[in-house]
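A quick write-up on the structure given underneath.
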Amino acid sequence: MAKIAVVFLLVAVVAICNGARVARDTPAKPEVDPLFQPVVDNLQKLFSQENIDKVRAETEALIKKGQETSENALDAIIEYGKKLQEDLKKKKTAA
């Protein structure tokens, strides 16, 4: 009796382990209510690879422009600081 139970237990374990290998159907594409289909289509167009590339290019251009602007602003601030130093030196020597 015990031998039969052990064999049954081993068969059950093998069946459970092989159960994970059973090919399953791919999940069906979710159905969208016809009312929301235009919204889904617009979102798909909005997040297309072409639009993503355009946004990435524009972002890189804006970052470059911002870096140039900050460098120009820094140069202007440095020049203004030098001018203030010269004015202070002139006032000290005049006093």
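The values are calculated or read from the model by the stated rules, or taken from the named source; none is laboratory data. On a predicted model such as this, the values are computed, not experimentally measured, just so you know. Glycine also receives a Cβ, built like all others from the backbone with ideal geometry; neighbour counts cover every protein chain displayed. The accessibility values were calculated without ligands, DNA or RNA, using every heavy atom of the protein model including side chains. Shrake-Rupley method; radii C 1.70, N 1.55, O 1.52, S 1.80 Å.
Just a few scattered comments:
- For the chain, the tally of Lys pairs with Cα-Cα distances below 17 Å comes to 8, considering only residues 8 or more apart or on different chains.
- Expressed as a whole percent, the accessible area of the range 20-95 that falls on carbon and sulfur atoms is 60 (1.4 Å probe).
- Surface accessible to a 1.4 Å probe, per residue, for the residues of the chain, Å²: 99
- Max mean-square fluctuation residue, GNM over the chain, Cα-Cα springs under 10 Å, options Val55, Val11, Val39: Val11
- Qualifying GluC sites (Glu not before Pro) in the range 6-95, where qualification requires a DSSP coil assignment and no more than 14 other C-beta atoms within 10 Å, comprise Glu31.
- Counted as membrane-span-like here are DSSP H helices of the chain whose alpha-carbon atoms extend 15 Å or more along the helix's own axis and whose Kyte-Doolittle mean is 0.0 or above; these are 2-19.
- Normalised by 2.2 N^0.38 Å, where N is the number of residues, the alpha-carbon radius of gyration of the chain equals 2.94.
- Of the trypsin sites (Lys or Arg not before Pro) found in the range 1-93, the ones in coil according to DSSP and having at most 15 other Cβ atoms within 10 Å of their Cβ are Arg21, Arg24.
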